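The values are calculated or read from the model by the stated rules, or taken from the named source; none is laboratory data. Note that the structure is predicted; figures quoted are calculated from it, not measured. As a convention, Cβ positions derive from the backbone with ideal geometry for all residues, glycine included, and neighbour counts pool all protein chains shown. The protein model used for the area step is the full one, side chains on, heavy atoms only, and it has no ligands, DNA or RNA in it. Shrake-Rupley method; radii C 1.70, N 1.55, O 1.52, S 1.80 Å.
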Amino acid sequence: MSLKGKSIIITGGTSGIGEGCTRHFAELGAKVVTSSIQQEQGVALQDDLRAAGGDVTFVYCDMTDEEQIAGLVQRAVELHGRIDGVCSNAGAWIEGTVEEFDDRTWDLVMGVNVRGNFLLAKHLVPVFREQGEGVLAITTSTAAYVGFPAHALYCASKAALVALIRCLTKDHAGYMRTVGICPGTIDTPMLAASAEGFDQPIDELYAEVAAKIPVKRLGQPEDVAKAAAFLLSDDAGFIAGSSIFLEGGTLALPPW
Ligand SMILES: NC(=O)c1ccc[n+]([C@@H]2O[C@H](COP(=O)([O-])OP(=O)(O)OC[C@H]3O[C@@H](n4cnc5c(N)ncnc54)[C@H](O)[C@@H]3O)[C@@H](O)[C@H]2O)c1
């Protein structure tokens, strides 16, 4: 399994899971274009990894803006001549029930999570078709399958991705391999934001959650990064259209 010398794009690549992917892929010797809407963190991460010998370029890209998505794809091709794989990881999370949401919230969560992936695929397809190959790995979530309380919009957006992954697999068979990654509880800034609503110190809360997970710990960004590296590599060449769980066994638990 190797990403050495491969041209890889990562979206949402400057925080949490995406940052873990950027660091891991750079260590594996990939030529990485990492992107997000976190300009400062992006440049700092790029400089940090370049100082360690990594081939990493940060490109600002808001996944709600089609022109910027097209620009991201074009920039990676300009820099590295081709694109071997894409780790589409950018995500928006907002908690609430259907009564609490307005159109702005819908547009943001669906805009980043669903429309963003839809448009990214649209701009990748011509590149992959021309090359005759390419892999798109989309970060969805166990939330696609579990009805988490007050998560209607987020869960619906992640479930939409599971369907999108199947359709892309069928429509672009032969030159684009699309796979999904469904993380469970991963220790990232997004998880910390979701813990804010609890009146319990975060360490205590995390310890309680970890005790319930069959492997007895929270996931770390590196857990997802290692799985993503495998799914993007040629060793995963027979995996297509599926969304793979990385949740420490949580979904094996009985519902009581
Ligand atoms: N942390 C978890 O427990 C968990 C579980 C399942 C799935 N996920 C998914 O994993 C992915 C990464 O989440 P994380 O936990 O690392 O969160 P995070 O908040 O640490 O990172 C999210 C990243 O997405 C980027 N982003 C947000 N809006 C964007 C936009 N409009 N355009 C471009 N980039 C944008 C942010 O800049 C950031 O880099 C998300 O898709 C999330 O839904 C996370």
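Annotations
- Förster-model FRET efficiency, 41 Å R0, Met190 and Glu130, C-beta, rounded to 0.05: 0.75
- Dipole magnitude for the range 166-256: computed about the Cα centre from +1 point charges on Lys and Arg Cβ and -1 point charges on Asp and Glu Cβ, it is near 480 debye.
- On Cα atoms only, tilt of 66-80 relative to the major axis of the chain in degrees: 50 degrees
- Coil-residue chymotrypsin sites (Phe, Trp or Tyr not before Pro) of the range 125-220, DSSP, other Cβ within 10 Å capped at 12: Phe198
- The range 185-203 and the range 29-74 have Cα centres separated by 26 Å.
- Residue among Asn113, Gln68, Cys167 farthest towards the positive dipole end of the range 66-168, charges placed on Cβ: Cys167
- Gln39 paired with Asp203, simple spin-label distance in nm, labels 7 Å along Cα-to-beta-carbon: 3.7 nm
- Helix-derived mean residue ellipticity, 222 nm - over the chain, DSSP H n ≥ 4, -39500 (n - 2.57), to 500: -14000 deg cm²/dmol
- Projected label points at Ala51 and Phe118, each 7 Å from Cα along the beta carbon direction, are separated by 4.2 nanometres.
- Accessible surface of the chain [probe 1.4 Å, protein heavy atoms]: carbon and sulfur percent: 55 percent
- Where only alpha carbons of the chain are counted, the Rg and the Dmax (Å): 17.6, 53
- Links that overshoot a 31 Å alpha carbon limit, given the list Lys4/Lys212; Lys6/Lys122; Lys158/Lys212; Lys6/Lys216; Lys170/Lys212: Lys4/Lys212; Lys6/Lys216; Lys170/Lys212
- In terms of its C-alpha gyration tensor, the range 83-230 comes out oblate, because a/c is 1.5 or above while a/b does not outweigh b/c.
- The Cβ shell under 11 Å around His24 holds other residues with a net charge of -2, Lys and Arg each +1, Asp and Glu each -1.
- Computed from point charges on the beta carbon alone (+1 for Lys and Arg, -1 for Asp and Glu), the dipole magnitude for the chain about its Cα centre is near 1060 Debye.
- Computed extension gain for Ala173 through Trp106, at 0.36 nm per residue and net of the alpha carbon distance, reaches 21.0 nm.
- Taking every protein chain into account, the accessible area of the chain amounts to 48 square angstrom per residue (probe 1.4 Å).
- Between 0 and 90°, nearest 10: helix 16-27 axis offset from the chain longest Cα axis: 40 degrees
- When all protein chains stay in place and ligands, DNA and RNA are ignored, the 1.4 Å accessible-area order of Phe58, Phe230, largest first, is Phe230, Phe58.
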